[in-house]
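Take a look at the structure set out below.
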Ligand code: LMR
């Protein structure tokens, strides 16, 4: 049987992380995988997480299963965090959620849900998108297509291109949108653009599918969720996958959420049973620990306040690094205009390098980034920033 399998290439992102770990050079710099790093290059456990964990260990008296839909305290708190406690779809009982193993688990559950609910659907991905969106949703058996999203020359969102594409779509189309901090390009939609898309989707019956993995890391928790909220308000149906990997630093705990908004509360009750059945079929039950931590934090005022403070620190660091690095490249005479870096948001931007230049950076300078020239700003710090800027300038000349 296995002789029928073909050798697969390393993962576009995690493969680079593996190469970085194997490189013995003391000057090496990792700008690849989307993991937050502090000024010393560490990916710390948040203090709010540590405190929540201590309380969990103290109180936990069983390792029996939680539930197919996961931790109800987590699911409810996440719905409020994502949509706002007073959101009309929440108040009307039109939401259904299951806790999932990471945001990717959420994408997978929702992908299978689409395949069951609308087997003829086409799911549209932004061009570019997170490299794992395509294989992950293809595994759910979905038909996939791409819509233009980013103007690589001007480093802005190609909004006209999006509208032109979406104006031809209808109820058989599901459009995957990044809630904020677009991965991989860092170009986000403005409020006005979200409003216009929500109206267009409502008019044409297009179903929005929001992937939100970085809430709180662009501007703040509220603004970063604006797109998801307005879509859920103005369109009858919505799918949303959320991750707690980045904004709570819980990467390896695999904690996320799959949520749907249905047209009616009765419809949501039916969707909920389908979400649960999808989860049961794919992984049976989600892991407990990460969601238990998030539930503790979000359901406790003191821990929430601590988290907001720590989240603000991560966000300020990312936005500060963007400004400093854009200035640094200009000061040191980089060919071209890199000011877009300071305007974009989240962990990533494209530098606009060729694949050959990226490989040269890796092989000659030990600076690692994804081959598309996506960099994670969190890998920069005061001691490596000049070196990275000079290395980039060297491969550009
Ligand atoms: C990334 O894009 O680097 C992160 O979301 C990590 C991953 O799993 O790809």
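The values are calculated or read from the model by the stated rules, or taken from the named source; none is laboratory data. In this text, all values refer to a predicted model and were calculated from it rather than measured experimentally. For neighbour counting, all protein chains shown are included, and Cβ atoms are generated from backbone atoms with ideal geometry for every residue, glycine included.
The single residue among 24, 10 that is under 30 Å from residue 358 (Cβ atoms), in the same structural domain as residue 391 (by TED's automatic domain parsing), within 23 Å of the chain's Cα centre (by Cα) and surrounded by fewer than 12 Cβ atoms within 10 Å (Cβ to Cβ) turns out to be 10.
Screening 125, 110, 137 for residues that are buried (at least 23 other Cβ atoms within 10 Å of the Cβ), free of Cβ contacts under 8 Å to residues at least 60 places away in the same chain and closer than 25 Å to residue 187 by Cα leaves exactly one candidate, 137. The criterion of being assigned to a loop (DSSP other than H, G, I, E, B), in contact with a strand residue (DSSP E or B) (Cβ under 7 Å, 6 or more places away or on another chain) and farther than 26 Å from residue 21 by Cα holds for residue 286. Looking for something touching a strand residue (DSSP E or B) at 6+ places or on another chain (Cβ under 8 Å), within 16 Å of the ligand (Cβ to nearest atom) and touching a residue at least 12 places away in the same chain (Cβ under 8 Å) - is there at least one such residue anywhere in the range 71-84? No, because not a single residue in the range 71-84 is touching a strand residue (DSSP E or B) at 6+ places or on another chain (Cβ under 8 Å), within 16 Å of the ligand (Cβ to nearest atom) and touching a residue at least 12 places away in the same chain (Cβ under 8 Å). Remark: pairs (first residue in the range 140-167, over 22 Å from residue 204 (Cα atoms); second residue exposed (fewer than 15 other Cβ atoms within 10 Å of the Cβ); Cβ separation under 8 Å; 6+ apart in sequence or on different chains) = 150/156.
Taken residue by residue, the range 19-42 has no member that is within 16 Å of the ligand (Cβ to nearest atom), over 18 Å from residue 366 (Cβ atoms) and modelled with pLDDT under 95. For the structure I just gave you, tell me whether residue 397 is in contact (Cβ under 8 Å) with a residue 40 or more places away in the chain and either surrounded by fewer than 22 Cβ atoms within 10 Å (Cβ to Cβ) or not assigned by TED's automatic domain parsing to the domain that holds residue 315 (or both). The answer is yes for residue 397. Of the residues that make up the range 130-140, is at least one within 16 Å of the ligand (Cβ to nearest atom), under 27 Å from residue 264 (Cα atoms) and within 17 Å of the chain's Cα centre (by Cα)? Scanning the range 130-140 turns up at least one residue that is within 16 Å of the ligand (Cβ to nearest atom), under 27 Å from residue 264 (Cα atoms) and within 17 Å of the chain's Cα centre (by Cα).
In this entry, residue 54 is excluded by the filter for residues that are outside any loop (DSSP other than H, G, I, E, B), surrounded by fewer than 13 Cβ atoms within 10 Å (Cβ to Cβ), within 16 Å of the ligand (Cβ to nearest atom) and not assigned by TED's automatic domain parsing to the domain that holds residue 234. Of the residues making up the range 331-370, those that are loosely packed, with under 15 Cβ neighbours inside 10 Å and over 23 Å from residue 182 (Cα atoms) number 8.
Could you list, in sequence order, all residues of the range 359-388 that are closer than 17 Å to residue 12 by Cα and within 15 Å of the ligand (Cβ to nearest atom)? Within the range 359-388, 368, 369, 370, 371, 372, 373, 374, 375, 376 meet the criteria. Close contacts from the range 346-357, counting a first residue that is free of Cβ contacts under 8 Å to residues at least 12 places away in the same chain and a second that is more than 16 Å from the ligand (Cβ to nearest atom), with Cβ to Cβ under 6 Å and a gap of 6+ residues or different chains, come to none at all.
If you go through the range 239-267 and pick out every residue that is surrounded by fewer than 24 Cβ atoms within 10 Å (Cβ to Cβ), in contact with a helix residue (DSSP H, G or I) (Cβ under 9 Å, 6 or more places away or on another chain) and outside any loop (DSSP other than H, G, I, E, B), you end up with 3.
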